[in-house]
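Following: one structure in C-alpha cells, then a few remarks.
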Amino acid sequence: MKLKAGAKLLLGMVSLALTLSGCLYPGDEKRASVNYRESVKRIQAAVDDYQQEEGVLPILNADETTPRYEKFRIDLGKLNNKGYLDDIPATAFEQGGSAYFLILNEEIDPVVKVMDLVTVQKVNDVQRQVNRYKSAHGGNLPVLDELYPGLYTIDHKQAGTSSITLTSVYSGQVLDFIMDKDGTVYVDYVFDIMAAVDKKGGEHDKNQDLRLDLEEASYYVPVKSLPYLWINNQPIPQPPS
C-alpha cells in the first residue's frame, strides 16, 4: 500500500521538525501548560474518590455510537455539588473554557483526559461546508486528492474552507482535514502519531491502534480521528468499513 506524494512529504518533515523543536510535544507546554496539568490532577483525584465512595463513575450519559474520544464526559457539576471538587476549573467548558474532561479506560483504570473543543469546532465548521457542497452538487464531494486508500483531502477552494486552519494540540503543527467516501470529516494526526512512534521506538503491533501512543504522550485525546495502523513502516488511517 503506497501513500500519495503529499503524505510522504508530510511524514518526511517529522524528523526535521523534531530536530528543530527539541521537544516532542511543544503543544503540551503552549496549550495545556500548568492549568491543564493542575485541572487534570484535581479532577482525577475527585473521580477516584467518587468512584471509591459511590461505586460508579461520575459520567454523563452517552449512546453506543458516540466515538471513544468523545464518549465518557465527566459530570463536573455532580463532583462539585457533592463536594468532591471544590470548584470547577476555569479550563472546563462549564466555566467558559475550551475543553471537556473525559474518562478513558473506564472499566479497568479510569484516567482523566482533555478533549480540545477548538479542534471539535473547526472540524464541525469544515463538516458543515462539505455538507453544503454535497447537497448543492448532487451528492458529489469537494475532493482534491486521495491521500490514503478510501480517504481524501478536501478542495478547500470548492468547499469554502480555505480560512479554517487547525493547529495540533500535540505538536503545534498545522494539520490537514481529511474525509471519507461519505464526506465525513476527520483530523489527520499522521504527523503527531509518527512523532510519537519515533519517540517510543521498538516494534509495532500491526493490529494496535497507534492513537494509543498519543494517549500516553499527552493529556489530550485525538478527537475527531480515525484509527491508525502501522502499515509498510508508516501510520495509515483506516476508513470506516
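The values are calculated or read from the model by the stated rules, or taken from the named source; none is laboratory data. All values derive from a computational prediction rather than experimental measurement. Glycine also receives a Cβ, built like all others from the backbone with ideal geometry; neighbour counts cover every protein chain displayed.
Here are the numbers:
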| quantity | calculated |
| --- | --- |
| Region 117-139 residues that are within 11 Å of Ala159 (Cβ to Cβ), paired with ones that are in a helix (DSSP H, G or I) and at pLDDT 95 or above (beta carbon under 8 Å, 6 or more apart) | Val126/Ala159; Gln129/Ala159; Val130/Ala159; Tyr133/Gln158; Tyr133/Ala159 |
| Residue count, region 45-78 (criterion: in contact with a helix residue (DSSP H, G or I) (Cβ under 6 Å, 6 or more places away or on another chain) and within 18 Å of Tyr219 (Cβ to Cβ)) | 2 |
| Hey, Asp125 within 21 Å of Ser168 (Cβ to Cβ) and out of contact with any Phe, Trp or Tyr (no Cβ under 9 Å at 6 or more places or on another chain) or not | yes |
| Unique match (being modelled with pLDDT of 95 or more, over 25 Å from Met179 (Cβ atoms) and surrounded by fewer than 18 Cβ atoms within 10 Å (Cβ to Cβ)) among Gly83, Gly96 | Gly83 |
| Hits in region 149-163 - residues which are out of contact with any Ser or Thr (no Cβ under 6 Å at 6 or more places or on another chain) and either buried (at least 20 other Cβ atoms within 10 Å of the Cβ) or closer than 30 Å to Ile231 by Cα (or both) | Pro149, Gly150, Leu151, Tyr152, Thr153, Ile154, Asp155, Ala159, Thr161 |
| Residues located in region 164-198, provided they are over 14 Å from Gln127 (Cα atoms) and small (Gly, Ala, Ser) | Ser168, Ser171, Gly172, Ala195, Ala196 |
| Scan of region 99-117 for residues that are at pLDDT below 95 and aliphatic (A, V, I, L, M), ordered by number | Ile108 |
| Residue check, Ala90 in contact (Cβ under 8 Å) with a residue 12 or more places away in the chain, out of contact with any strand residue (DSSP E or B) (no Cβ under 8 Å at 6 or more places or on another chain) and outside the structural domain of Val40 (by TED's automatic domain parsing) | no |
| Which numbered condition Glu146 fails, given (1) assigned to a loop (DSSP other than H, G, I, E, B); (2) surrounded by fewer than 17 Cβ atoms within 10 Å (Cβ to Cβ) | (1) |
| When residues of region 42-58 are limited to those that are among the aliphatic types (A, V, I, L, M) and in a helix (DSSP H, G or I), the one nearest to the chain's Cα centre (by Cα) | Ile43 |
| Failed condition for Gln158, given (1) touching a strand residue (DSSP E or B) at 6+ places or on another chain (Cβ under 7 Å); (2) assigned to a helix (DSSP H, G or I) | (1) |
